[in-house]
1. Counting pairs of alpha carbon atoms under 8 Å apart in space and at least six apart in sequence, what relative contact order in percent does the chain give?
2. Given the alpha-carbon gyration tensor of segment 78-126, what are the semi-axes of its equivalent ellipsoid in whole angstrom, ordered largest first, with each equal to the square root of 5 times an eigenvalue?
3. Order of 98-106, 43-51 by packing, highest average Cβ count within 10 Å first?
4. Taking the chain on its own, what percent of its Cα-Cα pair distances exceed 18 Å?
């Protein structure tokens, strides 16, 4: 790991190989979950992007895939989201219902955040 000046122990940065591995892991997780949801999709229908490739991180390359799963998929695997996860945990403690976190920044649309497995369960139920 490289050390960023002036930040003490918190200043250590991940190596590029580690960052790429984390990114690939999440892309593969999402791709595999979509393939599980729609078993008729194969390698010609859905793939993960190459590092530095433009466009979505998980690419739906066939019309069939885009009709079955009409989403543009961007994946981010970052420690920066700790406060979002803390808020999601707080939402899950309120009741026994499925948690929904709604977040918003100034001049941006609100975003709804749900658990990924719950999201795929909703897709199965459609």
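1. Values: 108 pairs, mean separation 19.6, N = 126.
Across the chain, relative contact order equals 16 percent.
2. On the way: eigenvalues 81, 44, 26 Å².
Each semi-axis is √(5λ); the values are 20, 15, 11 Å.
3. Ranked from most to least packed, the peptides come out as 43-51, 98-106.
4. So the pairs more than 18 Å apart make up 65 percent of the total in the chain.
Computed from the coordinates by the stated procedures, all read-outs in this text should not be read as laboratory data. Everything numeric in this text was worked out from a predicted model, so none of it was measured. Don't worry about glycine lacking a Cβ; one is built from the backbone with ideal geometry, like all the others, and counts go over all protein chains shown.
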